[in-house]
Amino acid sequence: MIGYVTIGVSDMTRAKSFYESLLADLNARVLLDMGRICFIGEKMSKPMLAVCIPYDEQPNHPGNGNMLALHPGSKEAVDSFYKKAIDLGATCDGEPGQRIPDQFYGAYIRDPDGNKIAFFHFG
């Protein structure tokens, strides 16, 4: 159902490097780079992440309540993606842990532009 999700950034080079490195273990790479916006994913027919300089050329602002949630496949993968994001320059917004007993395990980071990202696993 979701084709792509777009988040605003202030530095395209930094954002492309951050997300391409972070999502490499999910077979993601830059699929289409149009300068101001690029699409990162496994292939164009699957859901993608788009990072862009805002169209109005005003500073990007992470939305209050907006969050990108990524499902890497297991609790161990949540831990791994969280650590990798921190190593790539993200900041912690909630260390990995069980949030709802036997139902939801998650970790939260802020990318270098302040966008909130969750890594999660149900079960």
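The aspartates and glutamates within cross-link reach of LYS46, meaning a Cα-to-Cα straight distance under 20 Å and a gap of 8 or more places when in the same chain, are GLU20, ASP25, ASP33.
Based on other C-beta atoms within 10 Å, arrange SER17, SER74 from fewest to most. Intermediate results must be reported in sequence, preceding the final value.
Details: SER17 15, SER74 12.
Least crowded to most crowded, the residues run SER74, SER17.
Under 1.5 on a/c is rounded, so check that first for segment 1-54, then, if it is not, pick prolate when a/b is larger than b/c and oblate when it is not; a ≥ b ≥ c are the square roots of the alpha carbon gyration tensor eigenvalues. Here segment 1-54 falls in the oblate category. Only lysines eight or more places from LYS83 in sequence, or on another chain, were considered; those with a Cα closer than 23 Å are LYS16, LYS75, LYS116. Within the listed set ARG29, ARG14, ARG99, the Gaussian network model of the chain (springs between alpha-carbon atoms below 10 Å) gives the highest mean-square fluctuation for ARG99. Taking the C-alpha atoms only, the angle from helix 75-87 to the longest principal axis of the chain is near 40 degrees.
Stretching HIS61 away from GLU20 to a fully extended chain increases their span by 12.6 nm, per 0.36 nm per residue minus the current alpha-carbon distance.
Over all other residues within a Cβ to Cβ distance under 15 Å of LEU31, the charged ones net out to +1, with Lys and Arg as +1 and Asp and Glu as -1. The long axis of helix 12-22 is offset from the longest Cα principal axis of the chain by roughly 30 degrees. Taking Lys and Arg as +1 and Asp and Glu as -1, the other residues whose beta-carbon sits under 10 Å from that of PRO112 total -1.
Each value in this text was obtained by applying a stated rule to the coordinates, not by laboratory testing. Here the structure is a predicted model, which means the values were calculated and not measured. Cβ coordinates were reconstructed from backbone atoms using ideal geometry, including for glycine residues, and neighbour counts include every protein chain displayed.
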